[in-house]
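Chemist: Before I ask anything, let me first share the structure, which is written out below as structure tokens.
The values are calculated or read from the model by the stated rules, or taken from the named source; none is laboratory data. Remember, predicted model here, so these are calculated numbers, not experimental data. Methodologically, a virtual Cβ is constructed for each residue, glycine included, from the backbone with ideal geometry; neighbour enumeration extends over all protein chains shown. In case anyone asks, the SASA skips ligands and DNA or RNA and just uses the protein heavy atoms, side chains included. Shrake-Rupley method; radii C 1.70, N 1.55, O 1.52, S 1.80 Å.
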Amino acid sequence: MPNKYYQVAIDGPAGAGKSTIAKLIAKKLNFTFINSGAIYRTITYALIQRNIGFEDVEGIVKTLSEINIKQIGDQMILDGVDISSEIRTPQISNNVAYVGKQKNAREYIKQVERDIASYQNIVIEGRDTTTAVFPNATLKCWVFASPEIRAQRRWEQDGKIQDLNKVLEEVKARDKIDAERAIDPMKKANGALEVDTTNITIDEAVDTIVNKFKELV
């Protein structure tokens, strides 16, 4: 039976502006925003805190069965504690892609997201949301930008602490891991609306997606 609610799914590489764009679209449409990337980061944080290796399948499964993750507005809550700041550190950014390679973690998150979408209209962002999580979304979008622009944005977001060239290397490495993973690799979905944010503003990207959604419905 088709889902009677709408889903706007936004996919693309890290640093392209997916989260910011998705939040603004959700606000404009009065939809619920699901930040899948933040959920992956929360799991990454939980595993690091428990000293669970990213290849330790048994440890990951056990952790997923024990933790409780909630998204309240922009806050990510792990076992009742707001860890929104903790999951934005370079340590988490540099390791989250390894968690994304784990089938158990991906299946866990996929089900959480589908459950949320079963009773309300949503805007969701994250790699594989248009191909694996919501392949039949009302509107699928591929939001991207050049690696150099994405590295610049991440460098500024992190307070310009690291060397910019190092950040660029990390962005390219993240792209490689996401695109080459065996399970649900990052790729543009068939029929997805392409939005290149390299040379346009966030507001322009938002308007492009919102206008396309209104055309469809």
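Chemist: Please tell me if D196 is under 25 Å from I39 (Cβ atoms) and in contact (Cβ under 8 Å) with a residue 24 or more places away in the chain. Show your work before the answer.
Modeler: Numbers: under 25 Å from I39 (Cβ atoms): no; in contact (Cβ under 8 Å) with a residue 24 or more places away in the chain: yes.
Criteria not met by D196.
Chemist: Here is a follow-up. Could you tell me which numbered condition E194 fails, if it satisfies all but one of (1) part of a loop (DSSP other than H, G, I, E, B); (2) in contact with a Phe, Trp or Tyr (Cβ under 6 Å, 6 or more places away or on another chain)?
Modeler: Of the numbered conditions (1) part of a loop (DSSP other than H, G, I, E, B); (2) in contact with a Phe, Trp or Tyr (Cβ under 6 Å, 6 or more places away or on another chain), the odd one out for E194 is (1).
Chemist: Next up: Would you check if E113 is open to solvent by 20 Å² or more (accessible area, probe 1.4 Å), out of contact with any Leu (no Cβ under 9 Å at 6 or more places or on another chain) and of a type in the set (D, E)? Break it down stepwise before answering.
Modeler: Values: open to solvent by 20 Å² or more (accessible area, probe 1.4 Å): no; out of contact with any Leu (no Cβ under 9 Å at 6 or more places or on another chain): yes; of a type in the set (D, E): yes.
No.
Chemist: Sticking with this one: Applying the selection to the stretch 63-101, what residues are surrounded by fewer than 14 Cβ atoms within 10 Å (Cβ to Cβ), charged (D, E, K, R) and modelled with pLDDT of 90 or more?
Modeler: E66, D79, D82
Chemist: Just wondering, is there one or more residues in the stretch 133-149 that are charged (D, E, K, R), buried (at least 21 other Cβ atoms within 10 Å of the Cβ) and touching a helix residue (DSSP H, G or I) at 6+ places or on another chain (Cβ under 9 Å)? Show your work before the answer.
Modeler: So in the stretch 133-149, the residues charged (D, E, K, R) come out as 140, 148.
With the extra rule that they be buried (at least 21 other Cβ atoms within 10 Å of the Cβ), the set shrinks to 140.
Pick out the ones that are also touching a helix residue (DSSP H, G or I) at 6+ places or on another chain (Cβ under 9 Å) and you get 140.
Yes.
Chemist: In the stretch 102-140, what count of residues is obtained for those that are at pLDDT below 90, over 20 Å from L47 (Cα atoms) and polar (S, T, N, Q)?
Modeler: Adding up the residues that qualify gives 2.
Chemist: Give the stretch 103-158 a look and list any residue that's acidic (D, E) and touching a residue at least 12 places away in the same chain (Cβ under 8 Å), or say none.
Modeler: Hits for the stretch 103-158 are E113, E125, D128, E148, D158.
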